[in-house]
Amino acid sequence: MSTDKEMFHFVEFSFSIPARGKTNHELREYAQEELAKDYWDIIKDMIRSPEYAQIGEEIHEVELIDYFFMEEE
């Protein structure tokens, strides 16, 4: 299905980080540290596997300036 009208949506990526800890707080903290340390490898994996990207919420016309203000038409 092809259309001439440009669409604007969020694209949601899903990924998981193995974590360890004794509480939920420790699990989140560990995962955040791993994300900060290994973010480039995680991003490369997401790029290699585009099937893990889902089309999300539509971006309404009044919000376009918030996300695309530096881009030319």
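Descriptive notes on the structure:
- For the pair residue 36 and residue 6 in one chain, pulling the backbone fully straight at 0.36 nm per residue adds 7.4 nm over the alpha carbon distance.
- In plain terms, the chain is cut at each of the trypsin sites (Lys or Arg not before Pro) found in a DSSP loop with at most 13 other Cβ atoms within 10 Å, and the longest leftover piece is 23-73.
- What you get for the range 5-57, charging only the Cβ of Lys and Arg (+1) and of Asp and Glu (-1), is a dipole of about 80 debye around the Cα centre.
- Among the chymotrypsin sites (Phe, Trp or Tyr not before Pro) found in the range 1-41, those both in a DSSP coil and sparsely packed, with 11 or fewer other Cβ atoms within 10 Å of their Cβ, are 15.
- Partners of residue 22 within straight-line reach, counting lysines whose Cα lies under 22 Å from its Cα and excluding those fewer than 8 residues away in the same chain: 37.
- Residue among 42, 27, 70 farthest towards the positive dipole end of the chain, charges placed on Cβ: 27
- Pairwise label distance in nanometres, residue 46 with residue 14, each label 7 Å out on the Cα-Cβ vector: 1.4 nm
- Phi-derived couplings, Karplus 6.51 cos²θ - 1.76 cosθ + 1.60 at θ = phi - 60°, listed residue by residue for the range 34-43: 5, 4, 5, 7, 10, 4, 5, 5, 5, 5 Hz, with x used for Gly and Pro.
Read-outs throughout are calculated quantities, based only on the coordinates presented, and are distinct from any laboratory measurement. What you are looking at is a predicted structure, and each value in this text was computed from that prediction instead of being measured. In this analysis, Cβ positions are derived from the backbone assuming ideal geometry, glycine residues included, and neighbour counts consider all displayed protein chains.
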